[in-house]
Amino acid sequence: MELNGAQIVIQSLKDEGVEYIFGYPGGAVLHLYDALFQQDDVKHILVRHEQGATHAADGYARATGKPGVVLVTSGPGATNAVTGIATAYMDSIPMVVISGQVPSAVIGSDAFQEVDMVGITRPCVKHNFLISDVSKIAETIKKAFYVATSGRPGPVVIDIPKDMTSPNVKVPYHYPKKVEMRSYHPATTGNKGQVKKAIELLLHAKRPIIYAGGGVVLGEGSHELTNLAKILGYPVTNTLMGLGAYPATDTQFVGMLGMHGTYEANMAMHESDLIVAIGVRFDDRVTGKLELFCPYAKIIHVDIDPASISKTVKVDVPIVGEVKLVIEQLIDGLKEAKYKIDKPASDAWWKLIDQWRSIDCLEFDRQSIAIKPQYVIEQLYQVTNGEAYVTSDVGQHQMWAAQYYPFDKPRRWINSGGLGTMGFGLPAAIGVKLAHPNADVACVTGDASIQMCIQELSTALQYKTPIKIINLNNSYMGMVRQWQEFSYQSRYSHSYMETIPDFVKLAEAYGHVGIRIDKPEDVRGALEKAFAMKDRTVFLDIITDRTENVYPMIEAGKAHNDMKLRVAIGTSTDRELS
Amino acid sequence: MRHIISILIENEAGALSRVAGLFSARGYNIESLTVAPTEDPSLSRMTLVTRGTEDIIEQITKQLNKLIDVVKLIDLAQTIHIERELMLVKIKASDKIREELRSVVDIFRGKIIDVTPTSYVIEMTGTSDKLDAFIATIDKASIIEVVRSGATGISRGEKGLHL
Ligand SMILES: Cc1cc2nc3c(=O)[nH]c(=O)nc-3n(C[C@H](O)[C@H](O)[C@H](O)COP(=O)(O)OP(=O)(O)OC[C@H]3O[C@@H](n4cnc5c(N)ncnc54)[C@H](O)[C@@H]3O)c2cc1C
Ligand SMILES: Cc1ncc(C[n+]2csc(CCOP(=O)(O)OP(=O)(O)O)c2C)c(N)n1
C-alpha cells in the first residue's frame, strides 16, 4: 500500500488503536486535516484553544490508561500546547503530540509561524522527534507510542514539517507491530537481592506505613497494593496523585499525606520506623523540610525510574521495577518467609494512629450560614455514590476535593499535581467524559481557575459531553489568599478580582445550564438536579464562605509533626509507646 | 569530586542538545565536553567532565541514562582509566626565547607544529593536569591563544564501553 505522509500519520493512529485525537487546525497541518476528513475511524475533537486539547487528551489518558493524542499546528498552535505537555510530563501521563512544522526547506529561516518545537519542549517531554523522511513516519509514530506508554510514562512530541505530509510524495506503508530501541529498556521485575532485603525489613518493623502514589495508578497496581497492605496489616497513605490507588474507605487508609494531608497520615509518617514507598517521588509538598523528614524510619522505595530514587531523600532499600511486578515479588517473599502480623506491635501502632485520628482534623463548621466548600464536596460524594470521575483545577477547591471525596478506585481522581496547572479541570473533564460516556463526571473548580480554559464550554456543547462543573466561588484566588493570610499578614495582593463574570449567564451563553446556589440548604438539591440532567452540561456556581482555609497545613520549612490545624491542639506524641 | 562521564549516544540531530540541556536545566556544571562519532557512525561517543558530590553525580548519571538517546554510560572516575586532552597553544616566540621554549616543549613531550618568525604553535596531549602545568610554566604575556579539546578517556584493560 502506497500512502502519502498525511495518510500515513492517520493510518498509523488507526493501527495504533487511537479513538480520539484532540486538535486545532492551521496551515502546517492542513494536509493532515485533509487526511482526517477522509476517514471516520479516528475521531477528531475540535477544542477552542490548544491548551485545552492537551488537557483533554491528558484527562482521557488519566481516566483510561491509554495515551492521549493531540494534533496542533506550528508556531502559536505548538506553543499553546506547551503548558499541557508540561502538565502531562510532571505527572508522568502518556501522551503523543503531533505538531505541524514549517516545510523542511525553510526550517531555521524564521519562516511564518516557525518555532523550534523540538527545542522548546525538550525539557518537558519524555522524548521528541523531528520527521525528516516520509518513509520513517510510521516507525517514528510507533516509537512515540511505545516510549510514551512504557516504563515511566510521559508525553512525546512528533514535529512534522509540512512537506513530509504532502499529497505528492507517496511511499509504501507498513505499521510495525513492535519496535526495539537499543537505547531504551524500561525496568520490569525488581532485583531479587533487593526484594530480600525489603522482606527482612518488613518482617521486623514495629511502626510501619505504606506511602503509595501516582506510580501505582500509572502502573495499574492498585489490586496488588491492596493485597500487600492486607497481608501486612500496615496503615496506608496516598499522595495527591495516588488517591484511589488504595480504597479510601478502607480502615487501613489514613488519608492523604503532605502539606494538606491528614493529621494521622503525617504523624504516622513522622513516627514510623519503616516507610514502604511505592510509586512516589518524595515531592517537596509531601516531605516538607527534608532534614526533618521521617527521622526514625528506614525506607524501602519501589519505582520504575531509578532517577526518582534517592533524589531528595536517601533510601535504604531501592527496588527498581514495575509496581505490579515488584509488589507480587514482595507478596511471594512474605509468603515464603511465613510472614505473620506482629500482633502486639501492630496493636500498639494502631492505637496510636487511632488517637491521632480521633482529633478529626477534617471536621469543619456545619452550622455555618455561608456555604462551606467542604460540605459541597461531601454532598457531591453522596449524590454520586462515590462513583464519579472528579477532575479539578488548582487551588483550595482541589485540596478540598482531595480531602472530602474518598476515592475507592484508581483513575477516578484527575488533577494536575506536579505542575499545578490552573485551567486543567474543564478540558480534562471533557476528555474523561469521552472515555466514559455513561459515568458521572464532575469538574471541581474555582472562580479563577475556571476562567483559564472557559472557552472549552463550547467544545463540551459540540461533542455533547455532559459534565457537571462545581464552581466553588469564593471570589478569591483562595489558595493565594490563604498563603497571604498566613505569611503576609493578610495583605491580599492581587488575589482578588474586581469583576467576576456572571457564570450562570456565561454557561447559558455557551448553551449549557447555569445554576447559582448561595444557601447551604440548596446545595444537595442543586447537585441532585444537575446529575439528573444526564444529557446536559451544568454549571453550578456555588457561592462559598469567602475566607475558608484548607487545613491541616504544613507550612514551608516545617516537619510532618508540625501541622497547622483548624482547631489548635498541643503537639502530643507518645514516643515511649513501642 | 571530578568525574569523567563517558557516554555512548545515538548519533542523531539534537542528541547533544539533550545532554547540554539536561545539565543547564538541572543546574549541573559541565567542565568540558567532547563528542565525535565512533567506528559505528550511528553512535557518538561523548566525554563529559563534571564536578559534584556523590549524590549529584548519582543523579547526573541517572538522568543521563534516562535520556532516550543515551545507549550506555560509565563514570570513568570509578574505574582504572586513561585520560587525554589535546591542546594547541600559539605563543609569541621572539629570538631570545625560542631555544628555551623548545626545551620546555620537549620536557612536556609536546610538538612545535607551526613556526613563523615571531610565533610557534605547540601541540600537546596529556592529562588535563599536565596541560595546566605546561601553561603555568609559560610566561602569560607571551601566550596568544590556547585551544583545548576537553578531556577524553578510556578504561584500561579488555573491558570497554560498547553495544
Ligand atoms: C496546590 C497543590 C497542593 C498540593 N499538596 C499536596 C499534598 O498535600 N500532598 C501530596 O501528596 N501532594 C500534594 N500536591 C501534589 C504534589 O505537588 C505532587 O504532584 C505529588 O505529591 C506527587 O505524587 P507522587 O509522589 O505520587 O508522584 P507522581 O508524580 O505521581 O509520580 C509517580 C512516581 O511513580 C513512578 N512510576 C510511574 N509508573 C510506575 C510504574 N509502573 N511502576 C513503578 N513506579 C512507577 C514514577 O517514576 C514516579 O516516581 C499538591 C499539588 C498542588 C498543585
Ligand atoms: C496557570 C497558573 N497560574 C497561577 C497559579 C498559582 N495559583 C495557584 S492556586 C491559585 C488560585 C486559584 O484560585 P481559584 O481557582 O479561584 O481556586 P481557590 O483557591 O479559590 O479554590 C493560583 C493563582 C497556578 N497554579 N497556575
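The values are calculated or read from the model by the stated rules, or taken from the named source; none is laboratory data. Since we're looking at a predicted model, the values are computed, not measured. Cβ coordinates were reconstructed from backbone atoms using ideal geometry, including for glycine residues, and neighbour counts include every protein chain displayed. Protein only, heavy atoms only, side chains kept; ligands, DNA and RNA dropped before computing areas. Shrake-Rupley method; radii C 1.70, N 1.55, O 1.52, S 1.80 Å.
Tabulated results
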| item | result |
| --- | --- |
| Of the criteria (1) open to solvent by 30 Å² or more (accessible area, probe 1.4 Å); (2) at positive phi, which one A:Gly395 fails | (1) |
| Test: residue in segment A:299-316 that is of a type in the set (Val, Ile, Thr), closer than 30 Å to A:Asn549 by Cβ and open to solvent by 40 Å² or more (accessible area, probe 1.4 Å) | yes |
| In segment A:399-411, the residues that are touching a residue at least 60 places away in the same chain (Cβ under 8 Å) and either surrounded by fewer than 23 Cβ atoms within 10 Å (Cβ to Cβ) or within 13 Å of ligand 2 (Cβ to nearest atom) (or both) | A:Met399, A:Trp400, A:Ala402, A:Gln403, A:Pro406, A:Asp408, A:Lys409, A:Arg411 |
| Residue list for segment A:298-334, restricted to those being away from ligand 1 (no atom under 16 Å from the Cβ) and touching a residue at least 24 places away in the same chain (Cβ under 8 Å) | A:Lys298, A:Asp316, A:Gly333, A:Leu334 |
| For A:Glu548: the one exception among (1) in a loop (DSSP other than H, G, I, E, B); (2) open to solvent by 60 Å² or more (accessible area, probe 1.4 Å); (3) among the acidic types (Asp, Glu) | (2) |
| Which listed residue is within 15 Å of ligand 1 (Cβ to nearest atom) and among the charged types (D, E, K, R), from A:Lys468, A:Lys529, A:Lys564 | A:Lys564 |
| Residue among A:Asn227, A:Asn238, A:Asn191 that alone is in contact (Cβ under 8 Å) with a residue 40 or more places away in the chain and within 30 Å of B:Lys66 (Cα to Cα) | A:Asn191 |
| Residue match in segment A:124-144 (condition: out of contact with any strand residue (DSSP E or B) (no Cβ under 9 Å at 6 or more places or on another chain) and at pLDDT below 95) | no |
| Filter pass, A:Thr499 being away from ligand 1 (no atom under 16 Å from the Cβ) and within 24 Å of A:Thr384 (Cα to Cα) | no |
| Test result for A:Ser475, polar (S, T, N, Q) and free of Cβ contacts under 8 Å to residues at least 40 places away in the same chain | no |
| Enumeration of residues in segment A:512-544 that are part of a helix (DSSP H, G or I) and open to solvent by 60 Å² or more (accessible area, probe 1.4 Å) | A:Glu521, A:Asp522, A:Arg524, A:Glu528, A:Lys529, A:Ala532 |
| Criterion violated by A:Leu290 - all others in (1) more than 14 Å from chain B (Cβ to nearest Cβ); (2) more than 8 Å from ligand 1 (Cβ to nearest atom) satisfied | (1) |
| Condition met for A:Pro410 (in a loop (DSSP other than H, G, I, E, B), modelled with pLDDT of 95 or more, out of contact with any Pro (no Cβ under 8 Å at 6 or more places or on another chain) and closer than 24 Å to A:Glu508 by Cα) | no |
| Among residues of segment A:2-33, those that are under 17 Å from A:Leu130 (Cα atoms) and in a loop (DSSP other than H, G, I, E, B), counted | 0 |
| The one condition in (1) under 21 Å from B:Gln63 (Cα atoms); (2) in contact with a helix residue (DSSP H, G or I) (Cβ under 7 Å, 6 or more places away or on another chain); (3) open to solvent by 10 Å² or more (accessible area, probe 1.4 Å); (4) free of Cβ contacts under 8 Å to residues at least 60 places away in the same chain that A:Gln252 fails to fulfil | (1) |
| Matching strands (runs of 3 or more DSSP E) fully within segment A:213-287 where at least 3 residues are within 13 Å of ligand 1 (Cβ to nearest atom) and within 14 Å of chain B (Cβ to nearest Cβ) | none |
| Checking A:Phe486 against (1) more than 16 Å from ligand 2 (Cβ to nearest atom); (2) under 30 Å from A:Gly258 (Cα atoms), the condition it does not meet | (1) |
| Check on A:Val106, surrounded by 24 or more Cβ atoms within 10 Å (Cβ to Cβ), of a type in the set (A, V, I, L, M) and away from chain B (no Cβ under 14 Å) | no |
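Let's see how each residue does on (1) more than 10 Å from ligand 2 (Cβ to nearest atom); (2) within 14 Å of another protein chain (Cβ to nearest Cβ); (3) under 20 Å from A:Ile93 (Cβ atoms); (4) at pLDDT 95 or above:
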residue	(1), (2), (3), (4)
A:Gly417	yes, no, yes, yes
A:Gly431	yes, no, yes, yes
A:Asp440	yes, no, no, yes
A:Thr445	no, no, yes, yes
